[in-house]
Amino acid sequence: MISRPNKNLLTGLAFTSLWIVGLSVFTLYPVFASLYYSFCDYSILKSAVWCGLENYQELFHDDLFWKSLRNTLLYAALSVPLGTVVALALALLLNCEVRGRAFFRVFFYLPSIVPVVASSMLWLWIFNGQYGLLNGVLGPILGVFHLSPPSWFTDPAWAKPALIIMSLWGTGNAMVIYLAGLQDVPKELYEAAEIDGATGWRRFWHVTLPTIAPVVYFNVLMGMISALQIFTQAFIISNTANGGTGTFDGAPVRSLLFYTMYLFTTAFHDLRMGYASAMAYVLFVIIAFLSWLATRLSRNHTTR
Amino acid sequence: MTTDAAKLTRRAVIYALLIAASFLFVVPFLWLLITSLKPIEQSTTMPPKWIPEAYFTEIDGQKVEVTKDFRVGQAGVVAEELQGEHAGQRNFFSAQQMSTVGPNIRVIYPVEAGWWRVTEKRPEHTPGNPRWAYVPPAAITSRIAFRWRNYYDALSRLDGSADDPSGIAAKHRVSFWRFLSNSLIICVLGVIGTVLSNAIVAYGFARVRWRGRDLFFALTLATMMVPFPVLMVPLYSVFKNLGWIGTLLPLWVPSWFGSAFNIFLMRQFFLGIPEELSEAARIDGCSEWRIFWRIILPLSKPVLATAALFHFLYAWNDFMGPLLYLTRKETFPLSLALQNFQAQNGGVQWHHLMAASAVTIFPVIVLFFLAQKTFIRGIATTGSKS
């Protein structure tokens, strides 16, 4: 005879058994294995050899590591705030009682579900220096001032801005979340604000924004975590800038060498998997730190 | 009166901004479609050409479809050479050249400055040289023509191998249908696994009370923090030891073992179903599995649909997974095949590249319009659950 708590325990374990296996094999084991590898000299071909802090010390002196970290932080620092502003602005516009809201929402949302491979191809074409649509429009306008448009993805100074513009196109997902948040703001709050004479910007700043602050926090955090792991777009575009030679050094001139790209190359082209694991852990610590920071900031903001 | 005017202006500004923004969001899609329906020479013109056209003119008294090659800057003649190694060939001679070649040519017709040089358009692999001519602009008629053929051409070349009419490479060619079915295998098996496994696991977290449950759930949530690069190397070695590298297995099997986010999503939903339903069933002697299968699941269709939809989208769009685990072209899904196609073509066949991209995007758009409500509700709930 099994007692009721024990029976429940067995039932619970039975229902979660798939996840117990999944969590162990596909998450927990990899988390610890990669921590161990980060202290090892390891390629997939030979077994790991302990080398202490060597990988981390080498990282510290690795110019490419710093370059990729700087590139990634710069990209995140620009694309996340810009994306937030654009998404929030679009959501605010849609939240005004406009006709055809469903239509506009479709227009803004659709780009965000386009496969990244396809959107990379599309933007490579639009940003093409010679025949691209953007330069076809910009060329004559800049020509008036005797300027010529940049060649975007093949120009180290303009490759990152182009990538950021591309990321703004896919901001629709956040827009839908903001719109849902805005529609949850109680009508009474607006009415009260109107009685107090707060309209327009003041109303947005003092009523709307504080109410949707948790939604903004969530989106900024998610946006930041994914921006720090940017890979596919940069991988495809950089490979093209290299003439499709299959080298992934972040062309043009390493301006598109992002953290995850360098990590991927280190692990699967140079087969330095211990070193790559050390890089992965550094990224983990950076993401954990920034998440903690964002949580602290938002808590201070909402309890004030 | 003034407030009315202010209101009207405000509304006008809002609509103007919305329309301008929509325009910016939609134009890239339009450009993709337009490019995919043009012949290549019309996609590389400056200024950009918005409407694909076909041109017709008469060459040697026959009306044929032509491409416009260039406009001649100065007058001259089209003439046949009478002597030398090019005897019998037709060429264009400018007025200057005429004075040097002089009597060695027989003039066929004069050409004025501003005329177009045109070349006959013919099916690929037609033997011999295409016919050409110099014609006045007025002699060319045009009509809007979408080149749907681009889609056929792009898809039949998606494996990146160069055209090889001799058929030696044909044996090793991978058809578009293979890529498509690889994508569908990954997506469909992944979706079934995601829905079933996460529902079962979430039930264990939401509707059964057991020792250690909450601690385990907290651990589950904590793993959502781990970025993928941390898991990448050990996962690769796990799949390598299982002998799964180069197969589709690493791309769908893991979704049969639950994922932290979907467990969280479904648990939240299950918690909202009244406990009395389960209690009543328990009194009737129902097993937990029966309660889950007969009562909870049928009530949870919205959240199951959300999880299914987002997994499909994720699996269809995934690039890094296939890049990591797949080695042979025959196993590539569409996303990887598209990148491979572009890398092999050096990225110049823009009309084909855009056609192939459009085909990759199309299912996602159709899915969106079929399940728009589930999409919007799904995003809105996942965003506000924090």
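For the reader, a short list of remarks on this structure follows.
- The criterion of being modelled with pLDDT of 85 or more, on the phi < 0 side of the Ramachandran plot, surrounded by 15 or more Cβ atoms within 10 Å (Cβ to Cβ) and within 14 Å of chain A (Cβ to nearest Cβ) does not hold for B:Leu8.
- In the range A:108-123, the residue that is nearest to A:Ala241 (Cα to Cα) out of those that are crowded, with 24+ Cβ neighbours inside 10 Å, within 7 Å of chain B (Cβ to nearest Cβ) and touching a residue at least 60 places away in the same chain (Cβ under 8 Å) is A:Met121.
- Considering the range B:314-341, the residues that are within 13 Å of the chain's Cα centre (by Cα) and hydrophobic (A, V, I, L, M, F, W, C) include one that is surrounded by the most Cβ atoms within 10 Å (Cβ to Cβ), namely B:Leu334.
- B:Leu271 vs. criteria out of contact with any Ser or Thr (no Cβ under 7 Å at 6 or more places or on another chain), within 19 Å of B:Ala380 (Cα to Cα), in contact (Cβ under 8 Å) with a residue 60 or more places away in the chain and of a type in the set (A, V, I, L, M, F, W, C): yes
- Top-ranked residue of the range A:142-197 - restricted to ones that are among the hydroxyl-bearing types (Ser, Thr, Tyr) and either touching a strand residue (DSSP E or B) at 6+ places or on another chain (Cβ under 9 Å) or part of a loop (DSSP other than H, G, I, E, B) (or both), ranked as modelled with the highest pLDDT: A:Thr171
- Residue selected from the range A:131-164 under the condition within 10 Å of chain B (Cβ to nearest Cβ) and without any contact (Cβ under 8 Å) to a residue 12 or more places away in the chain, by the criterion farthest from the chain's Cα centre (by Cα): A:Pro140
- The lone criterion from (1) modelled with pLDDT of 90 or more; (2) surrounded by fewer than 20 Cβ atoms within 10 Å (Cβ to Cβ); (3) part of a helix (DSSP H, G or I) left unmet by A:Met261 is number (2).
- No other residue among A:Phe60, A:Phe127 is surrounded by fewer than 23 Cβ atoms within 10 Å (Cβ to Cβ), out of contact with any Cys (no Cβ under 7 Å at 6 or more places or on another chain) and free of Cβ contacts under 8 Å to residues at least 40 places away in the same chain apart from A:Phe60.
- Unique match (being out of contact with any Pro (no Cβ under 7 Å at 6 or more places or on another chain), buried (at least 22 other Cβ atoms within 10 Å of the Cβ) and closer than 30 Å to B:Leu221 by Cβ) among B:Ala371, B:Ala355, B:Ala307: B:Ala307
- Residue pairs whose Cβ atoms lie under 8 Å apart, separated by 6 or more positions or on different chains, with the first residue in the range B:182-195 and buried (at least 18 other Cβ atoms within 10 Å of the Cβ) and the second among the charged types (D, E, K, R), are B:Ile186/B:Asp318.
- Residue in the range A:267-288 that is in contact with a helix residue (DSSP H, G or I) (Cβ under 8 Å, 6 or more places away or on another chain), over 21 Å from A:Met222 (Cβ atoms), modelled with pLDDT under 95 and surrounded by fewer than 22 Cβ atoms within 10 Å (Cβ to Cβ) present: yes
- Set B:Gly84, B:Gly76: member being touching a Ser or Thr at 6+ places or on another chain (Cβ under 7 Å), away from chain A (no Cβ under 11 Å) and of a type in the set (Gly, Ala, Ser): B:Gly76
- Among residues of the range A:35-46 that are facing chain B (nearest Cβ under 10 Å) and closer than 20 Å to B:Leu242 by Cβ, those with a Cβ under 8 angstrom from a residue that is among the small types (Gly, Ala, Ser) and part of a strand (DSSP E or B), sequence gap 6+ or separate chain, pair up as A:Tyr36/A:Ala48; A:Tyr37/A:Ala48; A:Tyr42/A:Ala48.
- Residue within the range B:295-304 that is in contact (Cβ under 8 Å) with a residue 12 or more places away in the chain, buried (at least 16 other Cβ atoms within 10 Å of the Cβ), under 30 Å from B:Leu334 (Cβ atoms) and not charged (D, E, K, R) present: yes
- B:Val201 falls short of the stated requirement of being under 30 Å from A:Tyr275 (Cα atoms) and at the interface with chain A (Cβ under 9 Å from one of its Cβ atoms).
- Residues located in the range A:6-22, provided they are farther than 11 Å from B:Arg213 by Cα and either among the acidic types (Asp, Glu) or facing chain B (nearest Cβ under 7 Å) (or both): A:Thr11, A:Phe15, A:Leu18, A:Trp19, A:Val21, A:Gly22
- Test for A:Met224: is it within 11 Å of another protein chain (Cβ to nearest Cβ) and either surrounded by 18 or more Cβ atoms within 10 Å (Cβ to Cβ) or not charged (D, E, K, R) (or both): no
The values are calculated or read from the model by the stated rules, or taken from the named source; none is laboratory data. All figures in this text were calculated on a predicted structure; none of them were measured in a lab. Ideal geometry is used to build each Cβ from the backbone, glycine not excepted, and the neighbour counts take in all protein chains shown.
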